[in-house]
Amino acid sequence: MASFTYRMLPTLEDEKKARLRAVKAEARSLLASTDWYFIRHLETRKPIPNEVTAWRAAVRAAAAPAEQ
């Protein structure tokens, strides 16, 4: 006798959450490449270049969920 497994399809809300998690993971990955500027700043007070802080702000803004 053949059997099958019933699997519910993900809801739109589930898909949105999964995609948001993926976007946030990518943003964390991108930001990690410049984290050392902040560590150096904390340890030595050497200024963080403006273009680095601007780029990081842009990455965070792009990864932020849109208001509904």
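The values are calculated or read from the model by the stated rules, or taken from the named source; none is laboratory data. It should be emphasised that the depicted structure is a prediction, and the values quoted were computed from it without experimental measurement. Positions of Cβ are backbone-derived with ideal geometry, glycine not excepted, and every protein chain shown enters the neighbour counts. For accessibility, only protein heavy atoms count, side chains too; no ligands or nucleic acids. Shrake-Rupley method; radii C 1.70, N 1.55, O 1.52, S 1.80 Å.
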Around W36: net Lys/Arg minus Asp/Glu count, Cβ-Cβ under 13 Å: +1
- request: Give me Rg over Rh for the chain, both radii from the alpha carbons and Rh done the Kirkwood way, two decimal places.
  value: 1.31
statement: Given a 1.4 Å probe, the accessible area of segment 1-46 per residue, as a whole number of Å², is 97
message: At 1.4 Å probe size, put E13, E43 in order of accessible surface, largest to smallest.
response: E43, E13
- prompt: What value, in deg cm²/dmol to 500, does the helix sum -39500 (n - 2.57) over DSSP H runs of n ≥ 4 give at 222 nm once divided by the residues of the chain?
  reply: -21500 deg cm²/dmol
- prompt: What is the extension gain from L42 to L30, computed as 0.36 nm multiplied by their sequence separation minus the C-alpha to C-alpha distance, in nm to one decimal?
  reply: 2.3 nm
Added length on full extension, which subtracts the Cα-Cα distance from 0.36 nm per residue, E51 to F4: 11.3 nm
query: What's the local net charge at A27, with K and R +1, D and E -1, over the other residues with C-beta under 10 Å away?
result: +3
- prompt: Carbon and sulfur atoms: what percent of the 1.4 Å accessible area of the chain do they account for?
  reply: 60
- request: Would you calculate the separation in nanometres between label points at A58 and K17, each defined as 7 Å from the Cα along the Cα-to-beta-carbon direction?
  value: 3.3
task: Go from 0 up to the bin containing the longest alpha carbon distance in segment 23-62, width 10 Å each, and give me the % of pairs per bin.
output: 30, 52, 17, 1
